[in-house]
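J.: Before anything else, here's the structure in question.
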Amino acid sequence: MKITSSTLLNAFAQMLGDRIDTRLPMAESDLLDEWAQVGLRSDDMHRLLERLYAQDLIDRCEIDGERWYQLSPRGCIELRVRRETFWVRLRDRLLLTRLRTRRSAGSTAPSGRAARRRTDFPQFSS
């Protein structure tokens, strides 16, 4: 399943939560740690950061060999709008949940349809 850049951007806005602020610098290592809690791969985060930088939504600098990011005013507005749009968040939250279950290694959870069959017809469950 392909993840769109819009879905990644919505996940990023969701991850930042109330910290969407132009004055708040963010270390790349901290962003990657939080991104891991979202449940997506780190290369998705790197791709997203490059795209945000190319679109001038974030500024980046290097301090003591570590990359730091800071939201631009335009990026702050964009992420706030995405975060506050209820239906977009709901749709992407459902999509991210599906992606997490598909990408988790060794997941033995039955699909939604199979789980419904088992609960609707207990005589067929083994």
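J.: Which ordering of D59, D64, D33 is given by a fewest-first count of other beta-carbon atoms within 10 Å? Walk me through the intermediate numbers first.
T.: On the way: D59 15, D64 5, D33 11.
So the residues, fewest neighbours to most, are D64, D33, D59.
J.: Give me I77, I20 sorted ascending by neighbouring Cβ count inside 10 Å, so fewest comes first.
T.: Values: I77 14, I20 18.
Going from sparsest to densest Cβ surroundings: I77, I20.
J.: On a full-extension model of 0.36 nm per residue, what is the gain between C61 and S29, subtracting their alpha-carbon distance, rounded to one decimal in nm? If you can, show how the numbers build up before the last one.
T.: On the way: separation 32, 0.36 × 32 = 11.52 nm, distance 1.36 nm.
Fully extending the segment from C61 to S29 adds 10.2 nm.
J.: Follow-up. Ranked highest first by average number of other Cβ atoms within 10 Å, how do 93-104, 47-58 line up?
T.: Numbers: 93-104: 13.5, 47-58: 16.5.
Taking the mean over residues of other Cβ atoms within 10 Å, the ranking is 47-58, 93-104.
J.: If R₀ is 25 angstrom, what is the calculated FRET efficiency for the pair T101 and V81, using the beta carbon separation as r and rounding to 0.05?
T.: 0.30
J.: How far apart, in nanometres, would the label points at R91 and D43 be if each is projected 7 angstrom from Cα along the Cα-to-Cβ direction?
T.: So the label points at R91 and D43 sit 2.7 nm apart.
J.: Need one number: nm distance between label points at D21 and Y53, each 7 Å from Cα along Cα→Cβ, rounded to one decimal.
T.: Roughly 2.4 nm, to one decimal.
Just so you know, all these numbers are worked out from the coordinates, no wet-lab data involved. Bear in mind the structure is a predicted one, so any value in this text is a computation, not a measurement. Positions of Cβ are backbone-derived with ideal geometry, glycine not excepted, and every protein chain shown enters the neighbour counts.
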